[in-house]
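Below is one structure, written out as structure tokens, with a few remarks after it.
The values are calculated or read from the model by the stated rules, or taken from the named source; none is laboratory data. Source: prediction; values computed, not measured. Glycine gets a Cβ as well: all are built from the backbone with ideal geometry, and neighbour counts include every protein chain shown.
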Amino acid sequence: MFFASQRFRRAAAKYGERLPRVLTGSFGPSERYTPQQVQRAVGIAGLNPRFIAIAYAAYLSQPDFDAVCPVKPGVLDYAMLREIYLKAVPVHADSHSEFPVRMNPEAFWGAGSPPST
């Protein structure tokens, strides 16, 4: 399990680096995306689809995740994958962000831009 979780952490780092930009650029900012949008973004970003469960956990609601990605609880389940992804998403210097801010800056900052530092 240790080596599997290490592979997921490395994959999550790549997903966290590339996927938010592709999703926002392709489909606009949103807290949630459809499974089809996530699949398309993974392809556009050139990410390994073997780890798409990471993206599903990050960008789908838990019921949607459970419908498209049944995983045994306790074995890289929804909560674990979201946590791995959260730790991997780069924090930008201009944000004091938590997960929703990284996913959807407009939801946090409103219609304007983030404050300059």
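Among the residues of region 8-30 satisfying the criterion of being of a type in the set (Ser, Thr, Tyr) and under 13 Å from residue 58 (Cα atoms), which is surrounded by the most Cβ atoms within 10 Å (Cβ to Cβ)?
So, considering only residues that are of a type in the set (Ser, Thr, Tyr) and under 13 Å from residue 58 (Cα atoms), the one surrounded by the most Cβ atoms within 10 Å (Cβ to Cβ) is 15.
Evaluate region 18-40: report whether one residue or more is touching a Lys or Arg at 6+ places or on another chain (Cβ under 7 Å), farther than 17 Å from residue 86 by Cα and of a type in the set (A, V, I, L, M, F, W, C). No: zero hits.
For the condition charged (D, E, K, R) and part of a helix (DSSP H, G or I), residue 21 qualifies.
Mind listing just one residue for me: the one in region 59-99 that is among the aromatic types (Phe, Trp, Tyr) and at pLDDT 85 or above and, of those, farthest from residue 49 (Cα to Cα)? Checking each candidate, the answer is 78.
When residues in region 10-59 are screened for being more than 14 Å from residue 90 (Cβ to Cβ), among the small types (Gly, Ala, Ser) and within 10 Å of the chain's Cα centre (by Cα), 3 of them pass. Applying the condition of being within 16 Å of residue 63 (Cα to Cα) and either assigned to a loop (DSSP other than H, G, I, E, B) or of a type in the set (Val, Ile, Thr) (or both) to region 31-49 and asking which residue is modelled with the lowest pLDDT yields 31.
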